[in-house]
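Written out below as structure tokens is the structure these notes cover.
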Amino acid sequence: MQIISQIRSRKISSEQLFMLSVLAVNGGNYLYNLILGRILGPAQFSDAAVLITFLLVLSFVAMTFQLVTAKFSVIFEKNTFRYFISKTYKNATIFGIVLGLLIIAFSKQLQQLFQTSSSSMFVIFGIGVPLYFLMSVNRGVYQGKKELNSLSITYQTEMLSRLLITLGLLFLFTIKSSVVIAIGILISFGFGLIPFKFKNIRLKSTGNIEANQSKQVRHFFIITAFYELTQIVINNSDILLVKHYFDPYDAGLYASLALIGRIVYFIAWMFVMLLLPTVVQLKKEGKKTSPILFKYVGYIALIAFTIVVCTAIFPETAITLLFGDSYLSIAPLLWKYAFATGLFAVSNIFAYYYLSLDKYVPVVISGLFGMLQMMLVIFFHDSLEEVVHVQIAAMLLLLIVQICFFISNTKTVSTNSNI
């Protein structure tokens, strides 16, 4: 009782609670992937990895709507805000329906391209796409308004429902595993809408946005969409290319490697979620923003260093505990992949920081290096080791260039108190 009273007496900020929630969600998502890897084995897990990668790709595409919503939820107020949100929901829904229909229409071709056992899994996934875009705009409102408790709940309900429903279907029914995973993902999108602010959806929205404000929204949307495209390329192209170039067994091994190695990136994401609205608010108030950047870069660098060291010293232990002995052959590459991901996670903080300040050169830089990484994998894929090595080279160069830009930009605008 004394311990409980001590905990209650301490004030925990909403940001701290959100970080704990994100860690729990990421832990649940990892558990979901790890259990699938153990149950299915490398060959079948490669199919699951394609669906999980599609989910990640979808999350990055929808993140464009979420970040735009989050930023302008800080800037716009009253009628302007209500009009903006209503229009954003409408545009996101239309985009989601079109994208979902495209996935369904090309499900057979996707099956052939990624050598999966079923095309039905793409059809089921496509049905859920519009729900995901609604969910992302809803999250953007909570993120921008810093209603972090509600934001946390949307992530928790999505993660828990996907985990429990997928595992329940796998154990109770003899349905093809890829179809079960797709069904679990689809249903989780519905749960991810909880809690949902229905008052923000209006069939006839009143009000308007001034021409310069509309231009600002459009400009930010285009740049953010471009940057999220680079995120898709850098984070997911390697898994999809490996699935295309390698046999299912090796592709499953690589998927397990990527899952473990990306721990640092998923941890870093919680800082990105807090970075954007914080930087926008500080800029709005005329305060310095660089201390926030240094703070988060330091956190991510420390986390990345710790994970790389642990995976270098105990690679076989990590593989065995998380996936089992059938994945042990990939152990020597674990720390190298974690190193590549750590480099990207740190450089990503710089890009989002400048995106928050409406400075887009780092976004273009990330785009160029994302394409470079993809081209390197296309031309150099004689082995899984070679695939990892070219990613380290690309991400190391990306981080160096981002740091050089920051130093150069800081010197140029040293008289500006906002940088």
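The values are calculated or read from the model by the stated rules, or taken from the named source; none is laboratory data. Given the structure is predicted, the values throughout are model-derived calculations rather than measurements. Note: ideal-geometry Cβ built from the backbone for every residue, glycine included; neighbour counts use all protein chains shown.
Output the residues belonging to region 42-58 that are farther than 25 Å from E228 by Cβ, surrounded by fewer than 21 Cβ atoms within 10 Å (Cβ to Cβ) and not polar (S, T, N, Q).
Selection gives A43 alone.
Which condition from (1) under 30 Å from G37 (Cβ atoms); (2) in contact (Cβ under 8 Å) with a residue 40 or more places away in the chain is the one that D325 breaks?
(2)
Going through L397, L355, L372 one at a time, which residue ends up being closer than 19 Å to I232 by Cα, modelled with pLDDT of 90 or more and part of a helix (DSSP H, G or I)?
Values: L355 fails: modelled with pLDDT of 90 or more; L372 fails: modelled with pLDDT of 90 or more.
Unique residue meeting the criteria: L397.
I need the full set of residues from region 62-90 which are in contact with a Pro (Cβ under 6 Å, 6 or more places away or on another chain) and modelled with pLDDT of 85 or more, in order please.
First pass over region 62-90, keeping only residues in contact with a Pro (Cβ under 6 Å, 6 or more places away or on another chain): 70, 74.
Scanning region 62-90 gives a single hit, A70.
Please go through region 232-254 and pick out each residue that is hydroxyl-bearing (S, T, Y) and surrounded by fewer than 24 Cβ atoms within 10 Å (Cβ to Cβ).
The initial filter retains those residues of region 232-254 that are hydroxyl-bearing (S, T, Y), namely 237, 245, 249, 254.
Within region 232-254, S237, Y245, Y249 qualify.
Residue by residue through region 113-138, note down the ones that are surrounded by fewer than 19 Cβ atoms within 10 Å (Cβ to Cβ), on the phi < 0 side of the Ramachandran plot and not hydrophobic (A, V, I, L, M, F, W, C).
Hits for region 113-138 are S117, S118, S119, S120.
Please specify each residue of region 64-112 satisfying the condition of being more than 22 Å from L355 (Cβ to Cβ), in contact (Cβ under 8 Å) with a residue 60 or more places away in the chain and either under 21 Å from the mean Cα position of the chain (by Cα) or buried (at least 17 other Cβ atoms within 10 Å of the Cβ) (or both).
Correct list: R82, Y83, S86, Y89.
For region 151-172, what are the residues that are among the polar types (S, T, N, Q) and more than 19 Å from the chain's Cα centre (by Cα)? Spell out the reasoning first.
Within region 151-172, the subset among the polar types (S, T, N, Q) is 152, 154, 156-157, 161, 166.
If the condition is that a residue be among the polar types (S, T, N, Q) and more than 19 Å from the chain's Cα centre (by Cα), then T166 is the only one that fits.
Given the options A225, A255, name the one that is in contact with a Lys or Arg (Cβ under 9 Å, 6 or more places away or on another chain) and not β-branched (V, I, T). It would help to see each step written out before you state the result.
Numbers: A225 fails: in contact with a Lys or Arg (Cβ under 9 Å, 6 or more places away or on another chain).
Going through A225, A255 in turn, the sole match is A255.
Give me the residue from region 260-317 that is small (G, A, S) and either without any contact (Cβ under 8 Å) to a residue 12 or more places away in the chain or part of a helix (DSSP H, G or I) (or both) and, out of that set, surrounded by the fewest Cβ atoms within 10 Å (Cβ to Cβ).
Of region 260-317, the ones small (G, A, S) are 261, 268, 286, 290, 298, 301, 304, 312.
Going one step further and asking which of them are either without any contact (Cβ under 8 Å) to a residue 12 or more places away in the chain or part of a helix (DSSP H, G or I) (or both), we end up with 261, 268, 290, 298, 301, 304, 312.
On the way: G261: 24, A268: 26, S290: 14, G298: 12, A301: 17, A304: 23, A312: 14.
Applying the filter and picking the extreme gives G298.
For region 191-248, which positions are within 30 Å of G41 (Cβ to Cβ), of a type in the set (A, V, I, L, M, F, W, C) and either modelled with pLDDT under 75 or outside the structural domain of V50 (by TED's automatic domain parsing) (or both)?
Once the filter is applied, which keeps residues that are within 30 Å of G41 (Cβ to Cβ), of a type in the set (A, V, I, L, M, F, W, C) and either modelled with pLDDT under 75 or outside the structural domain of V50 (by TED's automatic domain parsing) (or both), region 191-248 yields I232, V233, I234, I239, L240, L241, V242, F246.
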